[in-house]
Amino acid sequence: MKNTLQTRLRPLLVLMAAAFALHAALSPSAQADDKAAAAPKAALTVTTAKPSTSRLPITIGANGNITAWQEASIGSESNGLRLTEVKVNVGDVVDKGDVLATFSSETVNADLAQAKAALMEAEASAAEATANAQRARALDTSGALSAQQISQYLTNEQMAKARVASAKAAVASQSLRLKYTQVTAPDSGVISARMATVGAVAGPGTELFRMIRQGRLEWRAEVTAADLPKIRTGATAIVKAANGTELTGKVRMVAPTVDPQNRFALVYVDLPAVKGKDGAAFKAGMFASGRFELGASEALTLPQQAVVVRDGFSYVFRVNPDKKVSRIKVTAGRRIGEQVEIVSGIDANSQVVVSGAGFLNDGDVVSVAAAPAPAPVPAGSAAKAAKPR
């Protein structure tokens, strides 16, 4: 009897359990819980921003050497004379006409005295020959002298005058040799090299000193052929020395040719004359970097942390309406402060991840948090901008 009752109640119990399960499945709260369990979980909480429009300076970066504007080679014009005194050394500032070195002048003074004596003798002989020629001319019509004698007196007069001219030339030559015993500066400037040694016997043409004319230096910047047409004479250039000191120069000349080996052209930038600590930072022969300032233009910019570099390319993560991010390849341009120019890849309406971008992958779900407004690009920051080469 008991077993029969259990057998009859078993189907009823099964139907009651199925009804309860169906009721639970159709409950709104249960459906919401199931949807919440099925929704993907946010991988990271991030802040976002849209690209802003800023006015960025247009610059071209370059490298090059600091060289002398012009160098003067100062040599010896004396022949076989001994150096007795050297008055300047490397680094000395000299003016035009200053005496740099002195040669022994005893031999030259003796030769000059001899030339002057020969001139006096020639002038005396010329005076006598002139007097005889005048008397011969006076007696020409009297017949006292033959035509041959008169011609001889006149010829002697011309020869005596020639000897005087020759003696004067010898005196001038010896005077010039005496002048050459003092080596003078052909222009004002700075002595950059000294080869003169006291006691040495220098031949004609021997270089004794090398001088940077007027102390002027220039920066010879190497610029690519693509950037060369953008640079004009008179453009401003900022030159940075190895210790960080900067000078503002002006483009003096753009080379008319491009080196066929490295495809770079030289741009010559005049540097201002500086003294003291800044002057010590710029020396001829030094390597220096710099940039040319060519104005400004409008550009889309993002905070620097929004741009992620992976495998040598620049990317940003765009937030889609479903809170998933898409990795977008962009082209980065100029940089100023914490802002980076976006040349291509996104538009001004794209919502881009800023903080946390470096930890994301394509397709990740993010939770967006509020972020403070980005600071505007400072108006006077042109000197800090640099265009990638």
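Please specify each residue of the range 125-173 satisfying the condition of being within 30 Å of GLU77 (Cα to Cα) and either in contact with a Lys or Arg (Cβ under 7 Å, 6 or more places away or on another chain) or not aliphatic (A, V, I, L, M) (or both). Hits for the range 125-173 are ARG163, SER166, LYS168, VAL171, SER173.
Of all residues in the range 121-178, those being surrounded by 13 or more Cβ atoms within 10 Å (Cβ to Cβ), over 30 Å from ARG82 (Cβ atoms) and β-branched (Val, Ile, Thr) number 3. Go through the residues of the range 203-215 one by one and say whether even a single one is farther than 21 Å from VAL90 by Cβ and assigned to a strand (DSSP E or B). No; the residues of the range 203-215 include none that is farther than 21 Å from VAL90 by Cβ and assigned to a strand (DSSP E or B).
Only residues that are of a type in the set (Gly, Ala, Ser), in a loop (DSSP other than H, G, I, E, B) and farther than 12 Å from GLY64 by Cα were counted in the range 220-241, giving 4.
Cβ separations smaller than 7 Å between residues 6+ apart or across chains give the following pairs from the range 181-202 residues that are on the phi > 0 side of the Ramachandran plot to residues that are surrounded by 14 or more Cβ atoms within 10 Å (Cβ to Cβ) and part of a loop (DSSP other than H, G, I, E, B): GLY189/GLN214; GLY189/GLY215. Every test in (1) among the polar types (S, T, N, Q); (2) surrounded by 19 or more Cβ atoms within 10 Å (Cβ to Cβ); (3) closer than 30 Å to VAL353 by Cβ is passed by THR45 save one, and that test is (2).
For the range 55-140, please list each of the strands (runs of 3 or more DSSP E) lying entirely inside it that holds at least 1 residues being closer than 30 Å to TYR268 by Cα and of a type in the set (S, T, N, Q). Where strands (runs of 3 or more DSSP E) fall fully within the range 55-140 and carry at least 1 residues being closer than 30 Å to TYR268 by Cα and of a type in the set (S, T, N, Q), they are 71-75. No other residue among SER52, SER142 is out of contact with any helix residue (DSSP H, G or I) (no Cβ under 9 Å at 6 or more places or on another chain), under 30 Å from LEU302 (Cα atoms) and outside the structural domain of LYS240 (by TED's automatic domain parsing) apart from SER52.
The values are calculated or read from the model by the stated rules, or taken from the named source; none is laboratory data. Only a predicted model underlies this, so the values are computations on that prediction, with no experimental measurement involved. Here the Cβ is made from the backbone with ideal geometry for all residues, glycine too, and neighbour counts use every protein chain on show.
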